[in-house]
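Below: the structure, in structure tokens.
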Amino acid sequence: MTAPGGEAVREEAVSVVLSEEAGHEVLVRQILPVWTRGAARQDWPVVVFVAGQPGSGKTRVADLVHAVLDRRGGAVRIGGDLYKAAHPHYAGLLAGDVRTAGIAVRPDVRRWQAAVEAYVRENRFDAVIETALDDANAFRTVAVASREAGFRVEVVVLATAEALSQLGILNRFLTGDGQYVSWENHDCCVKQLPRTLAVIEAERLADRITVVRRDVEPLYANELVGGAWRRVPAAGTAVISGRLRPWTARQSAWFREELAAAERRLHHEEVEDDRRLAVRRDAERAFALAEPVRRVAQPRPDPPGVDYHRLSAEEHRWTFEELIAPSYLSAITAQERPVVTYVLGQPGAGKWRAANVVKRAMTGRGVTRLSGDDMKVNHPDYHQLLVEDPRGAGAAIRADYRAWMAEAEAYVRARRGDVLIEAAPGSAAEFWRSARPFARDGYRIELVVLAVREADSRQGTARRYADVIRGGVPGRFTSKAGHDTCYRALSDVVRSAEAEPAVASLMVLRRDFHLLFRNDRTADGWKRAPRAALTLTLERRRPYTSREAGLFLSVHRELAADLPQYRAELREIAALALPLLPGHLQPRPISPSVPSELIGHGALVRGQAIPLNGSDATFAAEGLSSSP
């Protein structure tokens, strides 16, 4: 056996084995009266083994099972740890060395447990037995004896990650009951449990086996029917898979908080040095064991300053290989001269519709379509994040979905397929991190840029959100900051693209797909004078036609009704459109007849006083007519 630091711990504890007479006295006067009190004889008794490595959470699950059996009249709880305190030397042994106290009383505890089990069989009491299931022979003996006594035998197994069981041991050690479990003991139980389950299923030693997680979520169930298992036996595999199942953000955060709480207890309580060292080493080991399954901590600007929505390396890889690649990358057609076409625009500009049009024009080439939105939906937290924070959901999972996007692009490049990419880059550098590898691999690079007014695209993000939630599902609503970053970056991207020889074609479209400008590169350079960036700027500043203005204001009123919680932001969006609206929809200038006390405090729009707060930005579009 080894101590927390790996140093050897002597198991040759001082012999404290009680005489047969003294041991029997403890059994009949202390153990049986306490632990069989209230049990009822059953015509069809049941014994349920609750199994898991130390610290896995057996006691909590056993409590739930016990409560169910108690409805039949009363059941008996059985487990070696329950009887240690009854040993007359245990308290003294704990005070001397917590690492060997349990070992010293183990012979008597095992003898008492066997006696309680025999007593339960003799009296046909229902029973719940907590066990590590680390010894197939020991289980076989008890199961066969129970069957012969007319018992139904069931096994409930916890598939608990090793990091969580190590943490469970640590917490139990700290809370004061003094129970100590060595790393060697813990790891041995972890390894033996699946092997014992294989024996149980092979020899049909139980009538039912259920595998659950620590939170009692069921993972596997099998039952003997007519002497045969209902399904292919795989309890051991289910346990191993459950242990390795990636954690959620909430589970990762809880784990980190529990470790921190253990460290705080060491600082605020009087703990002897040996115990303090054990706790620190166990905490470090638990943290290391969590590496394959826990989420990665990432900073966030608001309290608590960190979240755990970044996937572990294994879960990230699994999601790409098992979900993304089969869904989006399964129909790549190799091309002699492959093309990558980017459809670029700020959020809400209409990239999805534009990409549909572009893809139809590429029919016959087996083009692969990629977008960050398709990557997002594969993140296990995305749906819940949309419910909790529709404006910050994308930012919370950005690291993973951008990495998947880069991996998907590399996947297509390696197969020389055409690819259509929808993007709202946050900077020119971000765009070129995607585009340059295509250039290096000999791809023809084409850009389709959507020139959309700021007010229109921001309204587009609100309308998309309203349309989705109207259907009863959570949607995303791009934040103003996120929109504006991409809005500004698009101009930089276009300017850099006009100066980049790797770009073969550049088109600027309106939101309605009207072509504003196109340029193609020849051997001598651009066919026309570069003015895509200028075209983008001019279109964004173009005044609304009466029809466009009417549509904008009509949508604005719909959104104000559908999204009352965002009405202030909708007014801000409408204010962006105000300078570009036709003259008959502009707020009327202040008349000399307006009382002087109103000047500087507001303006009259269609006869309504609207506060300006120093700017036209707070005008109420509800006061404007939507008619041309």
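The values are calculated or read from the model by the stated rules, or taken from the named source; none is laboratory data. Just so we're clear, the structure is a prediction, and the values are computed from it rather than from any experiment. Positions of Cβ are generated from backbone atoms using ideal geometry, with glycine treated the same way; all protein chains shown enter the neighbour counts. These area figures cover heavy atoms from the full protein model, side chains too; ligands, DNA and RNA do not enter into them. Shrake-Rupley method; radii C 1.70, N 1.55, O 1.52, S 1.80 Å.
Quick look at the values:
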quantity	calculated
Tally, over segment 494-536, of residues that are within 11 Å of GLU446 (Cα to Cα), of a type outside the set (Lys, Arg) and over 44 Å from the mean Cα position of the chain (by Cα)	2
Residue in segment 401-409 that is without any contact (Cβ under 8 Å) to a residue 40 or more places away in the chain, over 23 Å from ARG353 (Cα atoms) and not in a loop (DSSP other than H, G, I, E, B) present	no
Spans of helices (runs of 4 or more DSSP H) in segment 82-195 with at least 3 residues of a type in the set (A, V, I, L, M) and open to solvent by 60 Å² or more (accessible area, probe 1.4 Å)	none
ARG458 being buried (at least 22 other Cβ atoms within 10 Å of the Cβ), assigned to a helix (DSSP H, G or I) and either at pLDDT 95 or above or of a type in the set (Val, Ile, Thr) (or both)	yes
Scope segment 533-551; condition charged (D, E, K, R) and open to solvent by 60 Å² or more (accessible area, probe 1.4 Å); matching residues	ARG541, ARG547
Meets criteria (of a type in the set (A, V, I, L, M) and either modelled with pLDDT under 95 or touching a Lys or Arg at 6+ places or on another chain (Cβ under 9 Å) (or both)) for ILE445	no
Subset of segment 242-271 that is open to solvent by 70 Å² or more (accessible area, probe 1.4 Å) and part of a helix (DSSP H, G or I) - its residue that is modelled with the lowest pLDDT	HIS268
Filter result for the condition that a residue is outside any strand (DSSP E or B) and closer than 20 Å to PRO530 by Cβ, over GLU446, GLU500, GLU430	GLU500
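Here's the yes/no breakdown for (1) hydrophobic (A, V, I, L, M, F, W, C); (2) more than 22 Å from ALA297 (Cβ to Cβ); (3) open to solvent by 20 Å² or more (accessible area, probe 1.4 Å):
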{"position": "VAL377", "(1), (2), (3)": "yes, yes, yes"}
{"position": "ALA393", "(1), (2), (3)": "yes, no, no"}
{"position": "ALA399", "(1), (2), (3)": "yes, no, yes"}
{"position": "TYR411", "(1), (2), (3)": "no, yes, yes"}
{"position": "ALA414", "(1), (2), (3)": "yes, yes, yes"}
{"position": "ASP418", "(1), (2), (3)": "no, yes, no"}
{"position": "ILE421", "(1), (2), (3)": "yes, yes, no"}
{"position": "ALA429", "(1), (2), (3)": "yes, yes, yes"}
{"position": "ARG433", "(1), (2), (3)": "no, yes, yes"}
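So that you can scan it fast, the table gives a plain yes or no per residue for (1) open to solvent by less than 60 Å² (accessible area, probe 1.4 Å); (2) touching a strand residue (DSSP E or B) at 6+ places or on another chain (Cβ under 6 Å):
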residue: TYR328; (1), (2): no, no
residue: ILE332; (1), (2): yes, yes
residue: VAL339; (1), (2): yes, yes
residue: ARG353; (1), (2): no, no
residue: ASN356; (1), (2): yes, no
residue: LYS359; (1), (2): no, yes
residue: VAL367; (1), (2): yes, yes
